[in-house]
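One structure is given below, encoded as structure tokens.
Computed from the coordinates by the stated procedures, all read-outs in this text should not be read as laboratory data. Computed from a predicted structure; not experimentally measured. Heads up, the Cβs are rebuilt from the backbone with ideal geometry, glycines too, and the neighbour counts pull from every protein chain shown.
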Amino acid sequence: MCGIVGAVAQRDVADILLEGLRRLEYRGYDSAGVAIINANGELQRERRTGKVSELADAVAQNPLQGGTGIAHTRWATHGEPNERNAHPHVSGDHIAVVHNGIIENHETLRTFLQAEGFVFTSDTDTEVIAHLVSLELKSSDSLLVAVQKAVARLEGAYGMVVMDCNDTERLVVARSGSPLVIGLGIGEHFIASDQLALFPVTRRFMFLEEGDVAEVTRTQVTVLDASGNPVERDARESDVEHDAGDKGPYRHYMLKEIHEQPEAIANTLEGRLGEHQLNLDILGKEGQEILNKTRAVQIVACGTSYHAAMVARYWFEELAGIPCRVEIASEFRYRKFFVPDDCLFVTISQSGETADTLAALKLAKELGYMASLSICNVPGSSMVRESDIALMTRAGAEIGVASTKAFTTQLTALLMLVTAIGRHTGMTPEQESHVVSSLRNLPHILKNTLALSDDIEAMAEAFADKHHSLFLGRGSQYPIAMEGALKLKEISYIHAEAYAAGELKHGPLALIDNDMPVIVVAPNNDLLEKLKSNMEEVRARGGQLFVFADKHAKLKNGEGVSVLPVEEAPEIIAPILYTIPLQLLSYYVAIIKGTDVDQPRNLAKSVTVE
């Protein structure tokens, strides 16, 4: 995932572009670049490896002047994170391009363009766009037409902005699978991959739709749809504050972050899914070599991240066919254990600074693990720096102490990791295609699930006078039940426990009475009939059941049973789906209880002490 900013204005835009990159740095941080057309129609370009601050220092030393420009902050996919691979990429002395996404047929296009005489100076897939536009421009009467012809040759995902020094007051943008927004000004217009980048200069936005190509000048925006027909896209006034910590229309950060999950997961997936295959460039050449050799996995994590790891254990052993052990970091550090051959050591942390997990990572380096991988939300964190490779979740800022979107993006990243390893350990192309298809549909499914919010708020009223609760799940839903129990206890202070439903008769049934709510997650899978039997054990003892069930699970409301139908989804992503209603239930119970939702007592967001 990378960040794009562009501008067409009468004023100098270098500072606007750099500030936009700073606001998008969470989207990419291994290199950054800017290109601006000066008053003489000449292309000025600066690129630097590292953070946006490095680029800003370079521009301060070598000021760039001009009113038309593009900028980019990069998270490397094709090509190492160095200056020659940093965007913008150019063709000749006049075409410049910034691009998010993956061009899947870039190798074929590269061969074709080299035969046409173009010389490549980077290892990226993006450079083919610059040369392709340059080639098409020779037989086109405008940059817009040249870009239309070029994108017709592209396979994959892209959000791009193209600039031509021979047409100094125009940018052309195209979107397919990677978001772009146009910021509307007075006598100036802007482009970005996230409206957050443009809040200092405008609050009016036009969101491009899939397949759109648009021509942007200082005074006009012309949008063509995927069929090449002119269309109108609505301009919207944003009331969102530029501060990432603003709650917007939501009462609490936690509710905001629950509702951000479809977008957060779309960010996690951006550029990492092909049509039928996972993009294995997500971890670079070194990462691919490590995954190719992995024959066992050890995951270490704490709290919510530990629950994500427990779900991943089911995936690793079912899909990839390799053993996976999961341990709490604070326990891992203080016992003797066996290190399997070719074992990948995986740490999971939202902050990348969790003390116990970080210490476990340091210990693992002494114990002979094949390699280490971190799944994390914070670029540049200690855990990311100290791991051999890192898979960023791209959840964005999460301010609520009780983790929501950080958890579901961790699950999403883990499923991609399982698939990437599984390709080398026996996963069939059909299985991989099913996972990729399921992940592609996941943001839409979650968006529909959030529509249950009002029904869940009504259900929460039954918890107003409760002090204890029990969560039940089976298979990969058991860790989701654990996560649901953790959320409820974190923010409502209700004592909550989770059990594998089959364990009820081995002790927990002693707790069941009409004052003990029992929350059940019930997808329509092979374990459903077993789960129904466990639920009958609760009903027979006067327990009160609150069931989140697949629409086709054939569970009905009745005495002591409240059933809330949940969106149908492939079994492989069901653990992510069923997390959402449990988060909402915990939130609304906390509201009823009157607790501090965002800053629950005794807890902190990042646990940096042992």
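Tabulated results
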item: Unit charges on C-beta of K, R, D, E only; dipole of the chain, Debye; result: 1040
item: Which of E430, E80, E483 has the fewest Cβ neighbours within 10 Å, and the rest in rising order; result: E430, E80, E483
item: Backbone HN-Hα couplings from phi across segment 203-218 [Karplus 6.51/-1.76/1.60, Hz, Gly and Pro as x]; result: 10, 10, 9, 10, 9, 6, 9, 4, x, 5, 10, 9, 9, 10, 10, 5
item: Dipole moment magnitude, nearest 20 debye, segment 493-539 about Cα centre, only Lys, Arg, Asp, Glu C-beta charged; result: 80
item: Above-threshold pairs, the threshold being 24 Å between Cα atoms, out of K405/K505; K51/K362; K505/K530; result: K405/K505; K51/K362
item: Relative contact order (percent, whole number), the chain, Cα cutoff 8 Å, 6+ residue spacing; result: 11
item: Among M383, N279, L269 - extreme Cα towards positive end, dipole of segment 247-427, charges at beta-carbon; result: M383
item: For S469, S139, S562, S349, order by how many other beta-carbon atoms lie within 10 Å, fewest first; result: S139, S562, S469, S349
item: Ratio Rg/Rh, restricted to segment 247-427 and using Cα atoms, in which Rh is the Kirkwood radius; result: 0.96
item: Cα centroid separation - segment 73-109 against segment 254-326, whole Å; result: 26
item: Descending semi-axes in Å of segment 448-601, equivalent ellipsoid built from Cα gyration tensor; result: 21, 19, 14
item: Order of T393, T219, T425 - criterion: other Cβ atoms within 10 Å of each residue's Cβ, fewest first; result: T219, T425, T393
item: Percent antiparallel among DSSP beta bridges (both partners in the chain, rounded to 5); result: 60
item: Centre separation in Å (Cα based) which lies between segment 405-468 and segment 347-386; result: 24
item: Charge dipole magnitude, Cβ of K and R +1, D and E -1 - segment 448-601, Cα centre, debye nearest 20; result: 320
item: Segment 392-434 - convex hull of alpha carbons, volume per residue in Å³; result: 71
item: Largest-first principal axis extents of the Cα set of segment 3-237 (Å); result: 44, 42, 34
item: Positive-end extreme of charge dipole, the chain - chosen from F205, I421, V520 (charges on Cβ); result: V520
item: Euclidean distance of C-alpha centroids, segment 520-547 and segment 118-197, integer Å; result: 54
item: Given K256/K487; K285/K365; K447/K554, the pairs whose alpha carbons are separated by over 19 Å; result: K285/K365; K447/K554
item: Most positive-pole-ward Cα, V231, G560, N40, against dipole of the chain from beta carbon charges; result: G560
item: Expected 222 nm ellipticity per residue - DSSP helices of 4 or more, -39500 (n - 2.57), all of the chain, to 500; result: -10500 deg cm²/dmol
item: For segment 140-198, the spread of Cα positions along each principal axis, largest first, Å; result: 32, 28, 13
